[in-house]
Structure formats: C-alpha cells, structure tokens
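In what follows, a single structure is set out as structure tokens and then discussed.
The values are calculated or read from the model by the stated rules, or taken from the named source; none is laboratory data. Keep in mind it's a predicted model, so treat the numbers as computed, not measured. Cβ coordinates were reconstructed from backbone atoms using ideal geometry, including for glycine residues, and neighbour counts include every protein chain displayed.
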Amino acid sequence: MKMDTVYWKSNPEWYDYDENDEPYLTEKAPPETHESFERCKKKLEKSIKDNILYD
C-alpha cells in the first residue's frame, strides 16, 4: 500500500509543532504515520533543493 505524504496530518493527535514551527510526530502516532511523515520531509527537501514545487 502506497501511503499518501499527508497521511500523518489526518489526525491532529498524531503531530504538533515545535518552537521553530517545525512539525513533529507525537507518541500517539502509529507506525504507518512515521512512514508518511518521512516521505513528506523528503519531498519537501527535494522541492527546496530543486527549487520546484512537487505535488
């Protein structure tokens, strides 16, 4: 099953933001949420590096 990169945001109890307004997963986030979160971070890093907005 391919997981959507925004799955981790589908439940507000799974994430929060730190003092720098960076998202992080809470202890309530299930394992599959971590995979989605990592995909999202990699996609964002690639967008920044390539200076292209990826869907």
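Overview of values
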read-out: Where a residue in the range 32-45 is free of Cβ contacts under 8 Å to residues at least 60 places away in the same chain and its partner, wherever it lies, is loosely packed, with under 14 Cβ neighbours inside 10 Å and among the hydroxyl-bearing types (Ser, Thr, Tyr), with Cβ under 7 Å and at least six apart; value: Lys43/Tyr54
read-out: Criterion: at pLDDT 90 or above, in contact with a strand residue (DSSP E or B) (Cβ under 8 Å, 6 or more places away or on another chain) and either acidic (Asp, Glu) or assigned to a loop (DSSP other than H, G, I, E, B) (or both) - qualifying residue of Asp16, Asp21; value: Asp16
